[in-house]
Every structure is written in structure tokens, then in C-alpha cells.
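K.L.:
The structure under discussion is supplied below as C-alpha cells; questions concerning it will follow.
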Amino acid sequence: MTHPYSKPPASGSALPLPIGELDPTGVRGIFTDIDDTLTTGGKLHAAVYLALEQLRDAGFIIVPVTGRSAGWAHMVLHHWPVEAVIAESGGLCLYRDPRGTPRWLYHDDQARIIQDRVRIAAVAEQVMARVPGLALADDNPFRLVDFALDHCETVPPVPRERIEEAIAMFRDHGLQARASSVHINVWRGDFDKAPMSLRYLESVRGAALPAEIDRWLFVGDAPNDASMFATFPRGVGVANLAPLLDRLPVPPRYLTAASHGDGFVELAAHLLRGGRQR
């Protein structure tokens, strides 16, 4: 998918810079992946939650951007120190209006989305019958846009080549599919993490784009974050992304020394040393 503010792939792209090279001046907000970026071994450690609170208290706006379900988005918005949540790989955004009332923003008409999910469910059954080991992710009852197949979270890890085979099957049926570190996310329609993030900035926050895009950074860990790294010049990968850099059309500009949630804590400490944002 292309979108207005994508950077072209750099020929012979250099390796990402260490996080200490990131100039935090002017950073207003942080888009962050959740799985294996904030979490470690599937758990959100206390140091990461503390880092989120410290960033919020220093005036940074935090918006998780995840392949996880609408149900997760509802929980995160209500219980984490965040302003909004983009979920289901950009299929929807949950935020609070000026009165504090939660609002849903969908990538398409809801009636069409419901029809699409019926078709996706039928194709998913065929794929699981052909690719042993895959299972419906246990958060599917809480999804409103896409479907997710579990390839390692609650099932034994499925080999990479079988995951790619499943993705190809979905695409042969005219569907979008991409693997995160835990799921294969499947949907119909033209959306992704970055377009919904940009829509949130423009439609909800009233940001002037592309002029203000450099005031936001993104931190992630996997190839399904590719659109975010291609869109936000201040892209940061946590260290566990390093073995997968060659699978990204545009790699992140910076890379933490620590992996998973510890990498996010490292980034937070660097931003906090740069001063308060209010």
C-alpha cells in the first residue's frame, strides 16, 4: 500500500543508527506497536508501564498501533495512559472526543465490513484445513474488522514457509494478509497501520500534514510495521527487529540496543532526557 507521505526505499540503505543519535527535539507523540515492542514473552512488564506513565506525565501523546482486536483497544484506552488506540492493523481507531466519550473510527462502511468478515471466515476455514498447526486466534470474538490466525501464541510455532503458504492462499482469494510476531491478520479492503494513523492525526487531532509528521515517531518490531516505518521519518525498531530488517522496504532510522519491552524503556529514557513536551 502507498500513501501520501511514504518515503521511497533507499538504495543500499545504511544500517539503523543507535537510539542515542535520535534528536528528541520537537517530538510530540509516540505511535507504538504492542506485541514484542512493549511486551516481552507476551507480558507487559512493570518497567514498560512505568515508562508509558512517565512519558504521558512529561506531555508526550501515546497511541498504540496494533494488530490486536477492537476488544483489546477498548481495554487499552480505558486502562493505559494513552490518548487513542489504532487496532486490527489499521482497520479501526478508538479515541475519546473532547467530552471524554469513546468514539470508533472505521476504515470503511460498517455494513460492508460485516459482509467482508463472513467471506474471510469461510476462506480462513479452507486455509486452516490446508495448513496444519494454524488456529483461530483466541481474540477473534472481540474483532470487528479483520480475522486473526494464531501461528505461535497458544499453538506450537508454525514454520515460516507454512505461514507464507497461508498468506499466499488468502491473497489468491483477493484478501489482504500479513504476519505479525504472533498472528496472521487477514482482511478485505485497502487499509494499513499508517493510513489510519495519518487519518487520526488529521481528522481527530487536526494536525497539519505533512508539515507536522516529524513531530511523531513510531516504534515497532516486525515486518507488519512496514507502512509505519515508511511513513514516519523518526522510525525506531527495538533490537529484536534486527534479524528482519531485510524484509522491510524502508527500515527504521534508529534501533535500540535492548530488545522487546526493554528496548521501549530505553527509547523512553532517551526521550525523557530531552525534556518535557508541555
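K.L.:
Out of all the residues in the stretch 70-101, which are touching a Lys or Arg at 6+ places or on another chain (Cβ under 7 Å), modelled with pLDDT of 95 or more and in a loop (DSSP other than H, G, I, E, B)?
P.N.:
81 - this is the single residue of the stretch 70-101 that is touching a Lys or Arg at 6+ places or on another chain (Cβ under 7 Å), modelled with pLDDT of 95 or more and in a loop (DSSP other than H, G, I, E, B).
K.L.:
Report, by residue number, each residue of the stretch 140-170 that is in a loop (DSSP other than H, G, I, E, B), among the charged types (D, E, K, R) and surrounded by fewer than 18 Cβ atoms within 10 Å (Cβ to Cβ).
P.N.:
Start the filter on the stretch 140-170 by keeping residues that are in a loop (DSSP other than H, G, I, E, B), which leaves 143-146, 151-159.
If we keep only those that are among the charged types (D, E, K, R) as well, we get 143, 146, 153.
Residue satisfying the conditions is 153 alone.
K.L.:
Which members of the stretch 249-278 meet the condition of being assigned to a loop (DSSP other than H, G, I, E, B), among the aliphatic types (A, V, I, L, M) and in contact with a Pro (Cβ under 6 Å, 6 or more places away or on another chain)? Spell out how you get there, then give the answer.
P.N.:
Our first condition is that a residue be assigned to a loop (DSSP other than H, G, I, E, B); within the stretch 249-278, this holds for 249-253, 256-259, 274-278.
In the following step, the residues that additionally are among the aliphatic types (A, V, I, L, M) were identified as 250, 257-258.
250, the sole residue that qualifies.
K.L.:
A further question follows. Exactly one condition in (1) among the hydrophobic types (A, V, I, L, M, F, W, C); (2) modelled with pLDDT of 95 or more; (3) surrounded by fewer than 16 Cβ atoms within 10 Å (Cβ to Cβ) is false for residue 111; which is it?
P.N.:
Checking residue 111 against (1) among the hydrophobic types (A, V, I, L, M, F, W, C); (2) modelled with pLDDT of 95 or more; (3) surrounded by fewer than 16 Cβ atoms within 10 Å (Cβ to Cβ), the one that fails is (2).
K.L.:
Moving on to the next point. Looking at the stretch 196-233 only, could you name the residues that are within 25 Å of residue 118 (Cα to Cα) and either outside the structural domain of residue 94 (by TED's automatic domain parsing) or modelled with pLDDT under 95 (or both)?
P.N.:
Initial filter on the stretch 196-233 (within 25 Å of residue 118 (Cα to Cα)): 196, 224.
Hit for the stretch 196-233 is 224, nothing else.
K.L.:
Being closer than 27 Å to residue 184 by Cα and either charged (D, E, K, R) or assigned to a loop (DSSP other than H, G, I, E, B) (or both) is the filter here, so list the residues in the stretch 198-243 that pass it.
P.N.:
Selection gives 199, 221, 222, 225, 232, 233, 234, 238.
The values are calculated or read from the model by the stated rules, or taken from the named source; none is laboratory data. What you are looking at is a predicted structure, and each value in this text was computed from that prediction instead of being measured. Neighbour counts run over all protein chains shown; Cβ positions are idealised from the backbone, glycine included.
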